[in-house]
Amino acid sequence: MNTELIITLAVLAAEIAFFGFCYLRSKQPPNPLKPRLLPYTLIMLFLSLAVLVTLAHTISVVSGHRLEAKNKMRGQQ
């Protein structure tokens with residue numbers, strides 16, 4: 001197994017675990033005497049983006065092909 005793949009899967013597992021932690025913390029009822037210091041919903045939004053990017057990287061590592069943008073302008077080669 002490739003070292004890059006192992007590291008990518010470990011980062012993906014950490015992102016998913018942190019997403020689950022933030023989900024559990026955001027579902028707890030608010031305590032008026034102790035306000036939340038972190039916006040868990042916003043953190044979950046950024047983590048979902050990070051998970052998508054990590055999944056795309058995992059696919060590129062497994063397939064061996066680099067993912068490239070296909071947004072060339074018309075008339076250019």
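Among the residues of segment 20-29, is any under 13 Å from the mean Cα position of the chain (by Cα), surrounded by 14 or more Cβ atoms within 10 Å (Cβ to Cβ) and among the polar types (S, T, N, Q)?
Among the residues of segment 20-29, not one is under 13 Å from the mean Cα position of the chain (by Cα), surrounded by 14 or more Cβ atoms within 10 Å (Cβ to Cβ) and among the polar types (S, T, N, Q), which makes the answer no.
For SER63, only one of the following conditions fails: (1) polar (S, T, N, Q); (2) surrounded by 13 or more Cβ atoms within 10 Å (Cβ to Cβ); (3) at pLDDT below 95. What is its number?
Here SER63 clears every test but (2).
Restrict the check to segment 31-52 and report whether at least one residue is of a type outside the set (A, V, I, L, M, F, W, C), in a loop (DSSP other than H, G, I, E, B) and loosely packed, with under 11 Cβ neighbours inside 10 Å. Lay out the reasoning, then the answer.
From segment 31-52, those of a type outside the set (A, V, I, L, M, F, W, C) are 31-32, 34-36, 39-41, 48; that's our starting set.
Filter once more, keeping what is in a loop (DSSP other than H, G, I, E, B): 32, 35-36, 39.
Imposing the further condition that a residue be loosely packed, with under 11 Cβ neighbours inside 10 Å reduces the set to 32, 35.
Yes, that holds for at least one residue.
The values are calculated or read from the model by the stated rules, or taken from the named source; none is laboratory data. If you're wondering where the values come from, they're calculated on a predicted model, not measured in any experiment. Cβ: placed from backbone, ideal geometry, glycine included. Neighbour counts: every protein chain shown.
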